[in-house]
Each structure stands twice: as structure tokens, then as C-alpha cells.
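The following block contains the structure, expressed as C-alpha cells.
The values are calculated or read from the model by the stated rules, or taken from the named source; none is laboratory data. Worth saying up front: this structure is predicted, and the values here are computed from it rather than measured. All Cβ positions, glycine included, derive from the backbone under ideal geometry; neighbour counts span all protein chains shown. The protein model used for the area step is the full one, side chains on, heavy atoms only, and it has no ligands, DNA or RNA in it. Shrake-Rupley method; radii C 1.70, N 1.55, O 1.52, S 1.80 Å.
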Amino acid sequence: MIYASADELILYASQYINKLYAPPNIPSMKQTARTIDQLGAIIRRERKKQGLTQASLGEKVGLRQATISKLEAGEPGTQIRTVLDTIAALGLEIVIDERRQGAADDIENVF
């Protein structure tokens, strides 16, 4: 015979209901970056969306908080390894595509 307390039954039922009604895993929209400033803004938005501070993201990547700050601000001279490691830590990837018509300023107005 199986014995379970009312609290355990509620816990199991709650987990089952949450699983049934969980929102579908909808992929996020693609984001386009044509400048380092735009790339930094994307990284900042994703970091905040994931509830990470610059310091906690830096710890995941093995970088100082100041380095993450400079990357998000679009500081020149950021190493590509730093960018790729940070993007990977956020669960993102870079996709190279042909540039669509329009100037970089056009896309900047979207942000």
C-alpha cells in the first residue's frame, strides 16, 4: 500500500498541472546587429532578460564586470573571443547573413 500525505499529493498535482499548462517553448525573434553598439545593446537586453547582473555574467564567462560593461557600451577594441564567449554564456549564437538593403542608421532607429 502507498501512503502519501495531503501535502505530498498537492505537490505532485501542482507539478503535473504546471507541466500540462506550461507555455510552449517559442524561439525568440532574431535580432540584427550591424554595429558594435547594436551588438552591445542585444547583449545587455538578453542579460537583463535572464536576470543576470554584469558581474554574474562576467563570472560565467570568466571576465571582470568592467569588461562586460565595456562590451555592452560598444567600446572599441573588444576582442572577438570576448564577444563569442559572452554570447555563448547567454545561450545565443551569431548567424552570418547577406546584408539587406538599408543603411546601418535605419536599423538603429528600430532600437
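Does Leu63 satisfy the condition of being within 12 Å of the chain's Cα centre (by Cα) and modelled with pLDDT of 95 or more?
Details: within 12 Å of the chain's Cα centre (by Cα): no; modelled with pLDDT of 95 or more: yes.
Against the criterion (within 12 Å of the chain's Cα centre (by Cα) and modelled with pLDDT of 95 or more), Leu63 does not qualify.
Please name all residue pairs, on different chains or six or more residues apart, with Cβ atoms under 8 Å, provided the first residue is in the range 77-91 and is under 16 Å from Arg44 (Cβ atoms) and the second residue is hydroxyl-bearing (Ser, Thr, Tyr).
That search, which allows pairs on different chains as well, returns Thr82/Thr67.
I've got another one for you. Can you report the number of residues in the range 29-73 which are touching a helix residue (DSSP H, G or I) at 6+ places or on another chain (Cβ under 7 Å), part of a helix (DSSP H, G or I), farther than 27 Å from Arg100 by Cα and of a type outside the set (D, E, K, R)?
The number of residues fulfilling the criteria is 9.
Can you tell me which residue within the range 74-90, out of those that are farther than 25 Å from Arg100 by Cα and assigned to a helix (DSSP H, G or I), is least open to solvent (accessible area, probe 1.4 Å)?
Thr86
Residue-wise test of (1) under 22 Å from Val95 (Cβ atoms); (2) hydrophobic (A, V, I, L, M, F, W, C); (3) modelled with pLDDT of 95 or more; (4) over 12 Å from the mean Cα position of the chain (by Cα).
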residue: Ile36; (1), (2), (3), (4): yes, yes, no, yes
residue: Arg44; (1), (2), (3), (4): yes, no, yes, no
residue: Ala55; (1), (2), (3), (4): no, yes, yes, yes
residue: Ile68; (1), (2), (3), (4): no, yes, yes, yes
residue: Glu72; (1), (2), (3), (4): yes, no, yes, yes
